[in-house]
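Everything on this sheet refers to the single structure shown next.
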Amino acid sequence: GNGPDDALAASMAIGVARADVAWQMAKKQLSVEGDKLAYNVLKAYQEILKKEQEKEFADLGLKRARKQAEITNFKYVSGMVSQFEQDQAQNTLREEIKKAEAAAKALTDARQKLNSLLGVSEDKVYELLDKPKLVKLDMDEEGLGVHINRMTSDSTAAWLADQNVKLAEMTLNLYVFNDPSNPNPYRAVQIDLDKARNAAADTKKQLADSTRALYYNIKQLEDQYEILQTNLAKAEDSLKVLRLRYDLGMATESELLDAEYQVAQLKNNLYSLAIQHEQLKTAFAMPWVLGA
């Protein structure tokens with residue numbers, strides 16, 4: 001092609017194509033924002049569950065420290081333990097009081113965060129019934145490959161990068177050589193196309209890498225969860241035995257409190273893992289929620 005008519009037709013065609021991409025992008029961006037909001041609401045909701053659990057655990061720690069301080073005080077008054085042990089029990093109690101207060105505050109903060117995301121009054125308290133359970137991700141390496149391909153084709157960022165390649169190809173195909181109004185030499189337009197192709201490849205690679213990393217994180221959490229479950233079963237067995245011994249006067253109340261605390265700690269860790277796992281699985285299903 002040559003001459004100003006060709007140039008006008010070319011720039012109009014490119015202008016229309018750009019406008020179309022911009023319109024499609026706006027629509028896609030809305031659905032991405034929707035996904036991000038849903039993900040952030042899920043995270044905020046689960047943060048409350050986590051903080052509730054942590055507060056329960058901190059309250060138990062406080063109860064145990066109170067009891068220990070009482071026992072130690074009784075022994076101290078009877079001359080069975082030193083001043084040092086008495087002070088230590090009091091220090092532990094002070095620390096546990098602080099921890100319980102911090103846990104209560106963290107729970108209030110988490111509730112307010114959800115409320116501000118949902119745009120409701122900040123003192124609204126929800127009864128959260130949807131307790132997380134760890135449901136394994138049912139996917140092997142082969143399935144991961146298929147999933148990554150689907151994610152790269154579903155991703156708005158990848159779509160936009162592909163559109164930029166198409167626009168650059170179009171600009172090159174419609175290049176008008178002897179148009180005095182076109183400031184770009186042909187070589188520059190070729191370079192733009194190379195840049196667009198590289199950018200598209202990079203975008204897809206980043207998405208694939210982050211999706212793959214999420215997959216392995218999820219699998220790792222599942223392994224940790226299994227180990228913790230085994231440990232919990234052992235700790236619960238020990239606690240049963242200790243309760244019997246305690247009833248028979250063969251174990252102290254301190255030993256019993258420690259064993260109960262250990263079981264509670266493992267349950268707390270399992271709960272946190274289940275929450276983290278569910279969040280990662282959600283992100284794995286729509287990895288663009290993690291992108292900037």
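The values are calculated or read from the model by the stated rules, or taken from the named source; none is laboratory data. In this text, all values refer to a predicted model and were calculated from it rather than measured experimentally. Positions of Cβ are backbone-derived with ideal geometry, glycine not excepted, and every protein chain shown enters the neighbour counts. Side chains included, ligands, DNA and RNA excluded: accessible areas come from the protein's heavy atoms. Shrake-Rupley method; radii C 1.70, N 1.55, O 1.52, S 1.80 Å.
In this structure, does GLU96 turn out to be of a type in the set (D, E, K, R), modelled with pLDDT of 95 or more, open to solvent by less than 90 Å² (accessible area, probe 1.4 Å) and not in a loop (DSSP other than H, G, I, E, B)? Considered against the rule, which asks whether it is of a type in the set (D, E, K, R), modelled with pLDDT of 95 or more, open to solvent by less than 90 Å² (accessible area, probe 1.4 Å) and not in a loop (DSSP other than H, G, I, E, B), GLU96 comes out as yes. Taking segment 140-161 as the range and being buried (at least 17 other Cβ atoms within 10 Å of the Cβ) and under 22 Å from GLN29 (Cβ atoms) as the test, the residues that pass are MET151, THR152, SER155, THR156, ALA157, ALA158, TRP159, LEU160, ALA161.
Checked against (1) over 25 Å from GLU278 (Cα atoms); (2) open to solvent by less than 90 Å² (accessible area, probe 1.4 Å); (3) outside any helix (DSSP H, G or I), LEU137 passes all but a single condition, namely (1). May I ask you to verify whether SER116 is modelled with pLDDT of 90 or more, of a type in the set (Ser, Thr, Tyr) and closer than 30 Å to ALA58 by Cβ? Against the criterion (modelled with pLDDT of 90 or more, of a type in the set (Ser, Thr, Tyr) and closer than 30 Å to ALA58 by Cβ), SER116 qualifies. Selection of segment 235-292 for residues being of a type in the set (Asp, Glu) and either closer than 24 Å to GLN224 by Cα or surrounded by 14 or more Cβ atoms within 10 Å (Cβ to Cβ) (or both) yields GLU236, ASP237, ASP258, GLU260, GLU278.
Can you confirm whether segment 106-117 contains a residue that is basic (Lys, Arg) and open to solvent by less than 90 Å² (accessible area, probe 1.4 Å)? There is at least one residue in segment 106-117 that is basic (Lys, Arg) and open to solvent by less than 90 Å² (accessible area, probe 1.4 Å).
For first residues located in segment 164-178 and over 11 Å from SER11 (Cα atoms), partners that are of a type in the set (S, T, N, Q) and surrounded by fewer than 16 Cβ atoms within 10 Å (Cβ to Cβ) and lie 6+ apart or on another chain with Cβ distances below 7 Å form the pairs LEU172/GLN190; PHE177/ASN2; ASN178/ASN2. One residue stands out in segment 47-93 among those that are under 19 Å from GLU255 (Cβ atoms) and within 28 Å of the chain's Cα centre (by Cα): the one that is most open to solvent (accessible area, probe 1.4 Å), namely LEU60.
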